[in-house]
Structures are given as C-alpha cells and as structure tokens.
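Some notes on the structure that comes next.
Bear in mind that the values in this text are calculations on the coordinates, not laboratory data. Treat the numbers as computed from the prediction; the structure is a model and nothing was measured. Here Cβ is always computed from backbone atoms with ideal geometry, including for glycine, and neighbour counts include all displayed protein chains.
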Amino acid sequence: MDDLYALAKKLGIQIIYKDLLNKHSGLLGMADAANKIITLDWSLRSNYRQLRCILAEEIGHILFPPRPGHIRYHSKRFIHADHIDRSLTKAIVAQDERKARQWAVNILMPDDEFWRALREGANTVYRLAEWFDVEEWFVLAKIGYIRVQARESGVKLKWRDIIKRDISAWTPEKGL
C-alpha cells in the first residue's frame, strides 16, 4: 500500500478521506484530475484490499483524465439527454473507465508476476487475489484484459486456458 501512496506523492496527488457513501450509495472513490485530488470513502480504511484496488484505479483516472462528457454521465439530468447523446457518452465513459482500470490492474498485477503466480500454483481467482492482495473482481478484470490482449494478437484464449494448473498452453512470450 505504501507503494501506491508513494506513487501518488511522487505524482503530486493529494489523497483525502471523506464519507462518500452518504453522497452516493456505492461511491468509494473519485478523482479530480485537474486538481490532482483523490477522495476515498472512510470505509476503505478497514478493507485493505479494496483500498488498494480503488486507490490504484483512481490514480489511473488522474493519469488518464476523463474526456468531455464523462462528468455529465454522472449527473441527474443525464437521463433526459437524447438516445444518441446518451449512447455516445456511455461509450466514452466505458473507455475512460477501462483505461484507468487497466492501468491499475497492471500496476498491482504486472503480467510477468501474474504468469509466475499461475505457474507457482495460484490457479484460481481466489488464490490470485490472495497472491496479489487484491479483490477478486480485480483478478477477473486482469484475466479479461489478458484475453483481449491475446485476441488482438489473433489468439482465442479461454478462461480455462488461464485458470488451471498447467498454463503452458499460452503465455505472452510463447503464444500458443
């Protein structure tokens, strides 16, 4: 965790804790890229793994600021926008979120370490979460990004090709 705080400090990012859940149910973190401020919910202090995942993703939002329209998506008036505008905004938001989350996942679970963990027996989502000290949803995101990376190189990689004892079928270095 200290590594994320050190990175934030190096990047000039201020981290503050507030009661965000009262502001919006489910809101655990938010990033103000223009002012380099990350606000995290107090509840994260009692959940180390979730704190690591959320903080890493919010740092990703600072490094890859949202494009215009992203903020509007979170406003109460968004529902009143026309269908095409809503669709375009949703696509922009999804891309911005993916970019920040992918950066976070790769920072906390670098590819070489991920493949080493699998080779050493961390062959389930739960074991990988334990290995990297992250939430299971973060491991699922990592596997999803690995599958996309494989598909972009012309390889169809299935979950069972990754989450099993013998992973010699595919690695970024070898291919299939």
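List, in the order given, every pair from K10/K142; K23/K158; K99/K156; K18/K156; K18/K158 whose Cα-Cα distance in the structure shown is over 32 Å. Violating the 32 Å Cα-Cα cut-off are K23/K158; K18/K156; K18/K158.
The trypsin sites (Lys or Arg not before Pro) of the stretch 128-159 that meet both conditions, a loop assignment by DSSP and at most 15 other Cβ atoms within 10 Å of the site Cβ, are K156, K158.
Estimated at 0.36 nm per residue, the fully extended path between R119 and W42 surpasses their Cα-Cα distance by 24.0 nm. The ranking of E120, E97, E57 by Cβ neighbour count inside 10 Å, starting from the fewest, reads E120, E97, E57.
A crude spin-label estimate for the pair K10 and S25, with each label 7 Å from Cα along the Cβ direction, gives 4.0 nm.
Residue separation of D112 and S153 scaled by 0.36 nm, minus their Cα-Cα distance, works out to 13.0 nm of gained length.
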